[in-house]
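The values are calculated or read from the model by the stated rules, or taken from the named source; none is laboratory data. None of these values were measured; they are calculated from a predicted model. Heads up, the Cβs are rebuilt from the backbone with ideal geometry, glycines too, and the neighbour counts pull from every protein chain shown.
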Amino acid sequence: MNHTPFPRVLARFVLRLFSHLDGPMLILLGVLLCLGSVTVYSASGESSAKMLAQMANILVALSAMLIASHIPPQRLLQFAPPAYILGTILLLGVALFGVVVNGSRRWLDLGVTRIQPSELMRLAVPMMLAWYFHMRQEVLKPRDFAIAALLLVVPAGFIARQPDLGTTLLISASGFYVLFLAGLHWKVIAAAAAVFGAFLPVAWNYLLHDYQRDRVLTLVDPTSDPLGAGYHIIQSTIAVGSGGFAGKGWLEGTQAHLDFLPERSTDFIFAVYAEEFGLVGNLFLLLLYSAIIWRGLTLAAMAPSLFGRLLAGALVLNFFTYAFVNMGMVSGILPVVGVPLPLVSYGGTSMVSVMLGFGIIMSLATHKKLVKT
């Protein structure tokens, strides 16, 4: 009786396990995770405990990506409507019974734990819109874009009421990317931009909360409240500018290590990186992000179905939005919102969600079972 040697069985298992991962993307993500880890170590004051916690976050995130890469696109297609409906019901539950924390009603208490349904919608909204356009592609009409826009507006409206302006804008952006990739005409985009511009005075006077208006005013003139609302922007721009051309060197950033820079391990970690690695390091980081986005869009184009191309493209562009908003916020060109720098900031939730998205992108590009339509 012939038995296959154990090393050969193990090799086949490993090859099958990693068969849906894209090599170039995996290398790029690995470099970014390493860069983020060394920055977290410096930003945390050389804390070994925080470094170990970040390593654990990376392992969990990589596992999530590996698992997601094996989910067939057909399963994602079937899962899209239930995930969207469940998320919308949970958002309604938050509006009616949500727990208020620091003036915001964002959490739903389930007894044994609290959940934040808006996190689910970051993936559920683009999945639902991609599903809708996939189902309607043979008879796609202008009204279908209006229906898709309504599917986006409903959860975005619930999240805006919490209030959570940052998440609202990010989810709205992910939905817009699906609409754009599905073929939304530029004239409609221009008209929507004009309506949005005309609506801004109404939003400013009646919809935005006082702290949200303060963030915008602080962006225009941070020195108007240097020890209050403007403190974050002032300290982060000092850190970014003081890095100069080549930076002060790893572990040598004074703004972070002398405790001038707030939230230096999470939302403002780019300021720590910029101070220690300077313009050269910033250009390398921008090049790395650009390469990841380019490879992601290449993988999106490889997807064999409209659903796959729309969802993968939206996830990649959403990754770009996170990076752009965080860097813009830290550099003082965008208002301060709670958006971490993807795969660099300390924390597990954001990292897992981002890597889960890349796992889905790889699955959509490498599985060929969903029939081309």
Complete set of residues in the range 194-227 that are over 26 Å from residue 161 (Cβ atoms) and either part of a helix (DSSP H, G or I) or at pLDDT below 70 (or both)
220, 221, 222, 223, 224, 225, 227
Conditions (1) more than 30 Å from residue 76 (Cβ to Cβ); (2) out of contact with any Pro (no Cβ under 7 Å at 6 or more places or on another chain); (3) surrounded by 12 or more Cβ atoms within 10 Å (Cβ to Cβ); (4) not β-branched (Val, Ile, Thr): number failed by residue 215:
(2)
Matching residues in the range 254-284 (outside any helix (DSSP H, G or I) and at pLDDT 85 or above) number 5
Looking only at the range 82-109, filter to residues that are among the charged types (D, E, K, R) and either over 19 Å from residue 125 (Cα atoms) or assigned to a helix (DSSP H, G or I) (or both); which one of those is farthest from the chain's Cα centre (by Cα)?
109
Looking across the range 27-75 at residues that are outside any helix (DSSP H, G or I) and touching a Leu at 6+ places or on another chain (Cβ under 8 Å), the single one that is nearest to residue 257 (Cα to Cα) is 46
What tally of residues in the range 301-357 results from selecting those that are under 13 Å from the mean Cα position of the chain (by Cα), farther than 19 Å from residue 265 by Cα and of a type in the set (S, T, N, Q)?
2
Matching residues in the range 45-86 (crowded, with 19+ Cβ neighbours inside 10 Å and hydroxyl-bearing (Ser, Thr, Tyr)) number 2
Complete set of residues in the range 178-188 that are touching a Gly at 6+ places or on another chain (Cβ under 9 Å) and buried (at least 23 other Cβ atoms within 10 Å of the Cβ):
178
Does residue 152 meet the test of being within 23 Å of residue 336 (Cβ to Cβ) and either hydrophobic (A, V, I, L, M, F, W, C) or at pLDDT below 85 (or both)?
no
Being more than 30 Å from residue 185 (Cβ to Cβ) and either in contact with a Gly (Cβ under 8 Å, 6 or more places away or on another chain) or among the acidic types (Asp, Glu) (or both) narrows it down to one of 126, 117, 155, 82, so name that one.
117
Test residue 328 against the stated conditions and say whether it is in a helix (DSSP H, G or I), modelled with pLDDT under 95 and farther than 16 Å from residue 178 by Cα.
yes
Answer yes or no as to whether residue 300 is touching a residue at least 24 places away in the same chain (Cβ under 8 Å) and either more than 24 Å from residue 120 (Cβ to Cβ) or assigned to a loop (DSSP other than H, G, I, E, B) (or both).
no
Close pairs (7 angstrom Cβ cut-off, 6 or more residues apart or separate chains): over 14 Å from residue 290 (Cβ atoms) and free of Cβ contacts under 8 Å to residues at least 60 places away in the same chain in the range 314-327, of a type in the set (Val, Ile, Thr) and surrounded by fewer than 21 Cβ atoms within 10 Å (Cβ to Cβ) anywhere
none
